[in-house]
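The values are calculated or read from the model by the stated rules, or taken from the named source; none is laboratory data. Since we're looking at a predicted model, the values are computed, not measured. For neighbour counting, all protein chains shown are included, and Cβ atoms are generated from backbone atoms with ideal geometry for every residue, glycine included. The area values use the complete protein model at the heavy-atom level, side chains included, leaving out ligands, DNA and RNA. Shrake-Rupley method; radii C 1.70, N 1.55, O 1.52, S 1.80 Å.
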Amino acid sequence: MTSSRTFFPSLRAAVAAGFVVAGMISASGVLRAQDAAPAPAATTQAPAADAPLAPVSAPGQIVPKTKADKKKAQAEKKAEKKEENSKANKVVQSKDTRAAFKKGKKIDPLAGKDASLPDKQLYDKAVDATKHGRFDLSRLDLQTLLNTYPDSQYQMRAKLAIADSWYKEGGTAALTQAEQEYKDFITFFPNAPEAAEAQMRVGDIYFRQMDKPDRDYAKAVHAEQEYRTMLQQFPDSTLVPDAKQRLREVQEVLATRESTIAEFYSTHSNWPATIARYQTVADTYPQYSHMDDVLLGLGDGFEAEAKYVRSLKLPEAGKARLEKVYDDQAIAAYSKIVTEHAASRGVEDAKDRLIALHADIPKPTAEQIARSEEMENSRAQYKITDRARLLVMHQPDVVTAARTGDPTLVDPKPTVAPDVTRQIVKDFTLAMNPNARPATAPGGAATGDAAAPVTDGSGTPAPAADTAAPLAFQDVPAAGTSTGASGSTMTVAPVTNGGGAPAASAGIEIVSPGSSAPIDGMKAVGPANNTPLPAIEKPADAPDTVNDIQPGQAPPAAAAPANGKKAKPEFDKNDESSNKHKKKKGLGKINPF
């Protein structure tokens, strides 16, 4: 006999365990049934004396309804319907509600169209393919729709869907094609509501390709132009708030680039370039998140110029005037931080610099404080996700861009370093010579903004100076005549003041052509000897060519060598190299023959 090994030691133990398990299962079922049964009411209401007793049915018995009960239920339903249809409970749509409902129908005129139409089926199929990433198949269906059904209501939608498929596909080539498709859509459907969306997408194409501020900024410039075009051409579109925000973010990137370049120039003490870059940011991008740092850098640039002036050995009066020019410009930059950017972080630094310059600290108005607080509170704060995205992704930082205010739609004239340098030279000249007149341009206009009136010692304007009378026609020397050694004349007309005494400024010198006399200590341009050169002689005729070989005669042939072999040209191994004349090797170097 073979014994089978079981969990229980005997048959009796196995039967007992089975009864125990069955009892536990039945007990759990009874407990669940008790939990599911509803609890009896604590109090019961006694039936009314005149109310008819309801028929009591035994468990499992169906009590039939009487005719009176059916009529009563029907009457109650009719009463409820009448109450619902009454004017008091009826909801009446207002004019605004009806207008919004009609506007929604106009926005989506194809809603509710028959789905069995072939062009509708093609369009739906293409949209579904775009959602699932099958862009080639989607464009193929849309192109079939455009070619097969030229009068379809889905022509405009299909044209826009093709551009959207290129945009969603991504990549440099696909985005370039998407831009062209969007431009074509705007050209063919300029008055459609979707034209604003197409122009917005064109700006988004360049926005997606923007690089960091220290890299190529061509995409950022293009994005700024496209968003400005969208705001100017479609001012009533619902996408205007989104376009304004994108434009603020693009200008944040451009302002960061300009301020970074200005900071680089300041580390190299190139103050004209530093001032030019900071001034451009302050004029063009007023909503920049670090505008307080820009104005501090601008004021520090003017202070550096003033410090350089103090180190020069100049007359004290002129040096004081020149220092005041730069100090006033620095004070203006610091005061702008205190007034227009009262909620920024650089206010305390600006106040410290104003105190160091012994200038009064301005007080901002309530309106300026409210405007600055609104702008600073609209800026977002950095999150961990933002830090991680900027660390991994190659994207510009636009987290702290402003969320309120209107961005600039037209750039003012930028300030460049040569203009700043010319202004510095002009300020130096005016500070050293306060009575000097500004230089005039070739056209006769003054190079400065406005010429200061000339005054005498009493402070009253001096009368106009006497000018020399213009030369008459008879005063001009005739050709071939000479009035002096060089055949030219010079007339000096001194400038006099009101009393007839000559003034301190230089007079007017009129020099006739051919004069070699120095003007204001400068020699005339040209050779010292003005004697005219002799006339150019005609070259002699070339001799006639003579042909020594008479017609019909052959030229003499070269004489042949005596042995009948061609002579080899001489070859020097020291000067020339050739495959046929190789250098000697081994013992051949010793053999002189």
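Only residues that are farther than 26 Å from Thr187 by Cα and either part of a helix (DSSP H, G or I) or at pLDDT 95 or above (or both) were counted across region 215-249, and they come to 2.
The number of residues in region 269-323 being in a helix (DSSP H, G or I) and polar (S, T, N, Q) comes to 4.
Of the numbered criteria (1) aliphatic (A, V, I, L, M); (2) more than 28 Å from the chain's Cα centre (by Cα); (3) surrounded by fewer than 22 Cβ atoms within 10 Å (Cβ to Cβ), the one Leu296 fails is (2). Scanning region 140-158 for residues that are free of Cβ contacts under 8 Å to residues at least 40 places away in the same chain and surrounded by fewer than 21 Cβ atoms within 10 Å (Cβ to Cβ) yields Leu140, Gln143, Thr144, Leu146, Asn147, Thr148, Tyr149, Pro150, Asp151, Ser152, Gln155, Met156.
Among residues of region 333-345 that are over 15 Å from Tyr288 (Cβ atoms) and open to solvent by less than 20 Å² (accessible area, probe 1.4 Å), those with a Cβ under 7 angstrom from a residue that is modelled with pLDDT of 90 or more and in a loop (DSSP other than H, G, I, E, B), sequence gap 6+ or separate chain, pair up as Val338/Ile361; Val338/Pro362; Val338/Pro364. Among the listed residues Gln233, Gln245, identify the single one that is outside the structural domain of Phe428 (by the TED database) and free of Cβ contacts under 8 Å to residues at least 40 places away in the same chain. Matching residue, one of Gln233, Gln245: Gln233. Here Lys413 does not fit the description of being in a loop (DSSP other than H, G, I, E, B), at pLDDT 90 or above, more than 20 Å from Ser289 (Cα to Cα) and more than 24 Å from the chain's Cα centre (by Cα). Every residue in region 181-193 that is under 10 Å from Lys159 (Cβ atoms) and crowded, with 17+ Cβ neighbours inside 10 Å, please. Of everything in region 181-193, those that are under 10 Å from Lys159 (Cβ atoms) and crowded, with 17+ Cβ neighbours inside 10 Å turn out to be Glu181, Tyr182, Phe185. Examine region 184-206 for a residue that is in contact with a helix residue (DSSP H, G or I) (Cβ under 9 Å, 6 or more places away or on another chain), more than 27 Å from Lys120 (Cβ to Cβ), in contact (Cβ under 8 Å) with a residue 40 or more places away in the chain and in the same structural domain as His132 (by the TED database), and state whether such a residue exists. Scanning region 184-206, I find at least one residue that is in contact with a helix residue (DSSP H, G or I) (Cβ under 9 Å, 6 or more places away or on another chain), more than 27 Å from Lys120 (Cβ to Cβ), in contact (Cβ under 8 Å) with a residue 40 or more places away in the chain and in the same structural domain as His132 (by the TED database), so the answer is yes.
Annotation note: of Arg389, Arg379, Arg403, the sole residue that is within 22 Å of the chain's Cα centre (by Cα), at pLDDT below 90 and in the same structural domain as Glu305 (by the TED database) is Arg389. Of the residues making up region 259-282, those that are open to solvent by less than 30 Å² (accessible area, probe 1.4 Å), within 23 Å of Val399 (Cβ to Cβ) and not hydroxyl-bearing (Ser, Thr, Tyr) are Ala262, Val281, Ala282.
With respect to Ala431, is the statement that it is assigned to a loop (DSSP other than H, G, I, E, B), open to solvent by less than 50 Å² (accessible area, probe 1.4 Å) and modelled with pLDDT of 80 or more true? Against the criterion (assigned to a loop (DSSP other than H, G, I, E, B), open to solvent by less than 50 Å² (accessible area, probe 1.4 Å) and modelled with pLDDT of 80 or more), Ala431 does not qualify.
Here Arg215 clears all of (1) in contact with an Asp or Glu (Cβ under 9 Å, 6 or more places away or on another chain); (2) open to solvent by 20 Å² or more (accessible area, probe 1.4 Å) except the condition numbered (1). If you check Ala68, Ala75 for being farther than 30 Å from Ala192 by Cβ, at pLDDT 80 or above and aliphatic (A, V, I, L, M), only one passes: Ala75.
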